[in-house]
Amino acid sequence: MKILQLQVLLHFCTQFSYLCAFSSTKTLQGSFYTQHRVTLQKPMGIILESDEDDASMGVIIKRIDPLGNTASACKDNPLGVDICIRDRILQVDNMDVSEKSLEDVMGFIINAPNDVVELVLARPKDAIVMKWWNGISVAARPGEKIKNIAQYEACVNIKYSCQGGGCGICECSMVITDRASELEQGKGQGQGQEQEHGGRGGEERYFRPCVARVPKGPSLIWIKPSDRYEPLN
């Protein structure tokens, strides 16, 4: 399987907005996915990847630049900006790109006539959105090692010591909640309140990334450092 990677322009933070025009489920290769729309202003600060052996699955978001537009927007408006590593791009400005090559998708984005581009993204229905304190979100699956997600996808440097869950050096905090209830409770509230990392009715617990795995059940998890260590970034 040959993987192509291409990095979208990664400089300077500009305004990034989200439009939740619809949320639906459809079958892609036999699995259920949810769809949603996001609108963003170029440059985006993301890396895309395409699987040449299965173009029908579309182009996916492989990386999010922690210093780019997407991450900055997620930190500014964490409930409003819903874009994750592993999301699949189905449409670019109403153009169906679900079976297009990486080069085609990149061409549609780069050559879009406006500075603002609308994408339709697909995400597995059972995915758990993990929002990290640096603004990066990952569509994770239950049972995955949180340490690997932090290191290889979320671009979060966590200080470890024993690697066995005994010392507590790597301890973080997670707020387990539900995205639908978060959006409902967030209506009419300012972005400053939204930035409280899901504290409204969410279940907060401490965990140790060196041994922890993504839990089953929630649709949204906010990750933040605890007061037991200082994050490296």
Ignoring everything but the protein chains, give the 1.4 Å probe accessible area of residue 205 in square angstrom, nearest 10. 100
Quotient of C-alpha Rg and 2.2 N^0.38 Å, computed over region 108-179: 1.48
Please compute the length gained on full extension between residue 76 and residue 216, using 0.36 nm multiplied by the number of residues separating them and subtracting their Cα-Cα distance. 47.6 nm
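Pairs 42/62; 145/224; 125/147; 62/224; 62/159: which exceed 20 Å Cα-Cα?
Cα-Cα > 20 Å for 125/147; 62/224; 62/159; rest within.
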Please work out whether region 42-150 counts as rounded, prolate or oblate from its C-alpha gyration tensor, where a ≥ b ≥ c are the square roots of the eigenvalues and a/c under 1.5 means rounded, while otherwise a/b larger than b/c means prolate and anything else oblate? oblate
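The values are calculated or read from the model by the stated rules, or taken from the named source; none is laboratory data. Just so we're clear, the structure is a prediction, and the values are computed from it rather than from any experiment. Each accessible area value is taken on the protein alone, full model and side chains, heavy atoms only, with ligands, DNA and RNA left out. Shrake-Rupley method; radii C 1.70, N 1.55, O 1.52, S 1.80 Å.
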